[in-house]
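J.: Have a look at the structure that comes next, please.
Any read-out appearing in this document is the output of simple, stated calculations on the displayed coordinates, not a laboratory observation. Predicted, not measured: the structure shown is a model, and the values here were computed from it. Note that each Cβ is placed from the backbone with ideal geometry, even for glycine, and that neighbours are counted across all protein chains shown.
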There are 2 protein chains.
Amino acid sequence: MIKGVLLDIAGVLEQDGAAVPGSLEAVAQIKARGYPLRLITNTSRRCRAVLCEDLRRLGYVVKESDVFTAPMAIRRRLEQQQLEPLLLIDPALTADFAGLTGSRGVAVVLCDAADGFTYAALNRAFQALLEGAELLAVGDNRYYRANAQFMLDAGPFVRALEYAAGCKAEILGKPAAGFFCAAAADMGCQPEQTLMVGDDVNADVLGALEAGLQACLVRTGKYRPGDEQQLPDSPAMVHDDLAQLAENLP
Amino acid sequence: MIKGVLLDIAGVLEQDGAAVPGSLEAVAQIKARGYPLRLITNTSRRCRAVLCEDLRRLGYVVKESDVFTAPMAIRRRLEQQQLEPLLLIDPALTADFAGLTGSRGVAVVLCDAADGFTYAALNRAFQALLEGAELLAVGDNRYYRANAQFMLDAGPFVRALEYAAGCKAEILGKPAAGFFCAAAADMGCQPEQTLMVGDDVNADVLGALEAGLQACLVRTGKYRPGDEQQLPDSPAMVHDDLAQLAENLP
């Protein structure tokens, strides 16, 4: 029934700069039982190699290919369709898109570029879209908070380019179905064979269910009492933490 | 019936860097008959003083207060509501917004800032909008063409800020009703007492009619045969050029 497991990093594996109690052992246990797994996140400010290093520092025994991010979902799409990326990204992400030289056209890749969102860069992206490039984005969030200030996220720039070029972006980060399906495919699983474990009832759990995955809410991270009331009625879908879930995996 | 006249600059007064034949005399004639007039344009790359100089170079006898632009419509709004502008504009427009120190709050003023659309500047505008500032824009065009390249116009940045802050911009350039009404008010006229003369059947003529003005199409500039078929049926609403219109003014 369950052939592979997706684990959200923030709030399930990591919280406040430390491993969530019991999660180190739980990940080892899930691996030992032979489940392929992917540790997933939407982040568009750290490349996969750095994320992997950060997880190792917390004590997780993981290799780079265990980590799957929204930018990696975009990379897979570029590989499949043999598209060359025109990048609007944070320089820290450059490694995630290295060595891509598609021969079948161009895709605009829009992550959280921040100061990289210059008029010149946006114009280059716009001109590529006019010539038929696809627009692939890590998300369409409106803003985020940093140092007590609200800052523009990728979403407003997605809307700007969509409006200018008369096109529609494809979002390949959580909670988009495309992200969950790409993460499942990355470990060779069909969506319905894959269990997504997250602390965010909307983006993680309901998002995964909508994409055709199985899903489980854990009561760590950003979980708030009552969140489970948003879920379809099934006791198997909520666990106190990843440790409890690992014990109860079939 | 007609108490004031608005004349579109591009295509009615000026074409290919020269005065449209007969228009120099027509403007003098309309002035001599005592009609207040405003020479209008949407441009957001030249301030009013420079536009006035350019018209004088073509031979027009005009003073600065005869010229009314979309940025001037925004300036009037700022003055009326005593708002201080947070400017996202081309540096060439700075003079149009000099000396404004409103005491009742802030308005974000978005013109065609081009390279001025930096992430830092857009963030400042976004933060002001979150604190309740109004968003006033010269237009929401998608793109324009320059040196054989398509370039992002103000519209995509309007959409970006609207999406980020969950607000709706007010457009104060042609063909928005607010622009025509502000131009009429600038010469002390009610909209229904004002005749708008333009070569663009949509932006000039139908836009003005929709705003409650009278309007006339001239067959110069970007006029193309058949354009008059888009107008309500009335022979008085089309003239060959500004010279013919001036002769037929009541």
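J.: Name the residues whose placed amide hydrogens come within less than 5 Å of the amide hydrogen of B:LEU231, ignoring near sequence neighbours (fewer than 5 apart) on the same chain.
T.: none
J.: Sort shortest first the distances from A:SER65 to its counterpart in every other copy, using label points 7 Å along the Cα-to-beta-carbon line, and give them in nm.
T.: In ascending order, 7.8 nm.
J.: Separate question: Quick one: helix B:48-58 against the long Cα principal axis of chain B, what's the angle to the nearest 10°, folded into 0 to 90?
T.: It works out to around 30 degrees.
J.: Now for a separate question. For A:158-168, what's the mean count of beta carbons from other chains sitting within 10 Å of each residue's beta carbon?
T.: 5
J.: Okay, moving on. Treating the point 7 Å from Cα along Cα-beta-carbon as the label, what are the nm separations from B:GLU210 to the other copies, to one decimal?
T.: With the label placed 7 Å along Cα→Cβ, B:GLU210 yields 3.4 nm.
J.: If you don't mind, another one. For a quick check, take a GNM of chain A with Cα springs below 10 Å and name the residue from A:GLY132, A:GLY212, A:GLY226 with the largest mean-square fluctuation.
T.: With Cα springs under 10 Å in chain A, the top fluctuation among A:GLY132, A:GLY212, A:GLY226 is at A:GLY226.
J.: OK, next. Can you give me the Kirkwood hydrodynamic radius for chain A, using every pair of distinct Cα atoms, in Å to one decimal? Could the numbers behind the result be given before it?
T.: On the way: mean 1/r = 0.0536 Å⁻¹.
It is 18.7 Å.
J.: Placing unit charges on C-beta atoms (Lys and Arg positive, Asp and Glu negative, everything else neutral), compute the dipole magnitude of the protein assembly as shown about its Cα centre in debye, rounded to 20. Each step should come with its number before you reach the end.
T.: Working: 46 positive and 64 negative charges, 111 e Å.
About 540 debye.
J.: Tell me the angle of helix A:154-165 to the major Cα principal axis of chain A, expressed in degrees between 0 and 90 and rounded to the nearest ten.
T.: Tilt relative to chain A: about 40 degrees.
J.: I've got another one for you. At 7 angstrom along the Cα-to-beta-carbon line, where would the label on A:GLU25 sit relative to the other copies? Give the distances in nm, shortest first.
T.: Those label-point separations list as 10.0 nm.
J.: Using modelled amide H (1.01 Å from N, peptide plane; none on Pro or chain starts), what sits under 5 Å from the amide H of B:MET196, excluding residues fewer than 5 places away?
T.: For B:MET196, the qualifying residues are B:LEU6, B:GLN214, B:ALA215, B:CYS216.
J.: Same structure, new question: Give the peptides B:153-166, B:188-201 in descending order of average Cβ contacts within 10 Å, highest first.
T.: On the way: B:153-166: 22.9, B:188-201: 20.9.
The densest-packed peptide leads the list: B:153-166, B:188-201.
J.: Under 1.5 on a/c is rounded, so check that first for the protein assembly as shown, then, if it is not, pick prolate when a/b is larger than b/c and oblate when it is not; a ≥ b ≥ c are the square roots of the alpha carbon gyration tensor eigenvalues. Intermediate results must be reported in sequence, preceding the final value.
T.: Details: a/c = 3.05, a/b = 2.69, b/c = 1.13.
Taking the square roots of the gyration eigenvalues as a ≥ b ≥ c, the protein assembly as shown is prolate.
J.: Checking the table B:LYS31/B:LYS63; A:LYS168/A:LYS222; A:LYS31/A:LYS174; A:LYS31/A:LYS222; A:LYS3/A:LYS31; A:LYS168/B:LYS222 against a 21 Å threshold on Cα-Cα, which pairs fail?
T.: Working: B:LYS31/B:LYS63 12 Å; A:LYS168/A:LYS222 31 Å; A:LYS31/A:LYS174 24 Å; A:LYS31/A:LYS222 25 Å; A:LYS3/A:LYS31 12 Å; A:LYS168/B:LYS222 32 Å.
Those over the limit are A:LYS168/A:LYS222; A:LYS31/A:LYS174; A:LYS31/A:LYS222; A:LYS168/B:LYS222.
J.: Now, a different point. Under a point-charge model restricted to the Cβ atoms of Lys and Arg (+1) and Asp and Glu (-1), what is the dipole moment magnitude of chain A relative to its Cα centre, in debye to the nearest 20? Mind showing how you got there, number by number?
T.: Working: 23 positive and 32 negative charges, 90 e Å.
Computed about the Cα centre, the dipole is about 440 debye.
J.: Plugging the Kirkwood radius over Cα pairs into Stokes-Einstein for segment A:68-137, at a temperature of 37 °C and a viscosity of 0.692 mPa s, what D comes out in µm²/s?
T.: It comes out at roughly 273 µm²/s.
J.: Treating the angle as unsigned and between 0 and 90°, give the value, to the nearest 10°, between the Cα long axis of helix A:177-186 and the longest Cα principal axis of chain A.
T.: The angle comes out at about 70 degrees.
J.: Continuing with the same structure: Please average, across the residues of B:123-135, the number of beta carbons from any other chain that are within 10 Å of each residue's own beta carbon, and give a whole number. Kindly include the intermediate steps, with their values, before the conclusion.
T.: Values: counts 8, 0, 1, 6, 5, 0, 1, 2, 1, 0, 0, 0, 0.
Per residue, the number of nearby Cβ atoms from other chains is 2 on average.
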